[in-house]
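*Asks:* Would you mind keeping the following structure in view while I ask a few things?
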Amino acid sequence: METLISQFTFLSDQPLHDKSFDLFTTEDLMKLFEIESYKAWVAVEQEREVEEAEATMQQAEDHFDRIMESTMEEFRYFEEEIERMSKSEVDSFIETAESGRKMEESAASVASKSSYPGTE
């Protein structure tokens, strides 16, 4: 683009020095200048679109991160709750087993006392 501008500047000075200079010579240069300007505009637009896409992607990633953190927090809470429930059930099973063992010992003691006729 800078090369085109310097060529255009050079050609625009030519009519001042050369009276036979054909002004249509600058027409091709103007077409090139127009094409380069359009390419530069397209590049700027594409860059803007890329920046917008990157910003949108960053927002989506941030949203995803928040959702994942919330989900993990909920999972940790659920895991703790399941552990508490499991511990409570295990404690209940141990208590029931202990109670059954004591009843068995008591029944065995009663049975052993009643099996001897003179020990009552």
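*Asks:* Restricting the stretch 5-23 to residues that are outside any helix (DSSP H, G or I) and not aliphatic (A, V, I, L, M), which is nearest to GLU36 (Cα to Cα)?
*Replies:* Ranking the qualifying residues of the stretch 5-23, first place goes to ASP22.
*Asks:* Another question, then. Quick test for you: out of GLU73, GLU95, pick the one residue that is surrounded by 10 or more Cβ atoms within 10 Å (Cβ to Cβ), part of a helix (DSSP H, G or I) and either of a type in the set (A, V, I, L, M, F, W, C) or modelled with pLDDT of 95 or more (or both).
*Replies:* None of the others qualify; the one that does is GLU73.
*Asks:* Going through THR25, THR3, THR56 one at a time, which residue ends up being out of contact with any strand residue (DSSP E or B) (no Cβ under 9 Å at 6 or more places or on another chain) and exposed (fewer than 10 other Cβ atoms within 10 Å of the Cβ)?
*Replies:* Criteria check complete, one pass: THR3.
*Asks:* Is there any pair linking a residue in the stretch 1-29 that is of a type in the set (Phe, Trp, Tyr) to one that is surrounded by 10 or more Cβ atoms within 10 Å (Cβ to Cβ) and modelled with pLDDT of 70 or more, with Cβ under 6 Å and at least six apart or on different chains, and which?
*Replies:* PHE8/LEU29; PHE21/GLN14; PHE21/PRO15
*Asks:* Under 7 Å between Cβ atoms, at least 6 apart or on separate chains: pull out the pairs that start in the stretch 36-53 with a residue that is touching a residue at least 12 places away in the same chain (Cβ under 8 Å) and end on any residue that is in a helix (DSSP H, G or I).
*Replies:* The qualifying pairs are GLU36/LEU4.
The values are calculated or read from the model by the stated rules, or taken from the named source; none is laboratory data. None of the values given here were measured: they were computed from a predicted structure. Positions of Cβ are generated from backbone atoms using ideal geometry, with glycine treated the same way; all protein chains shown enter the neighbour counts.
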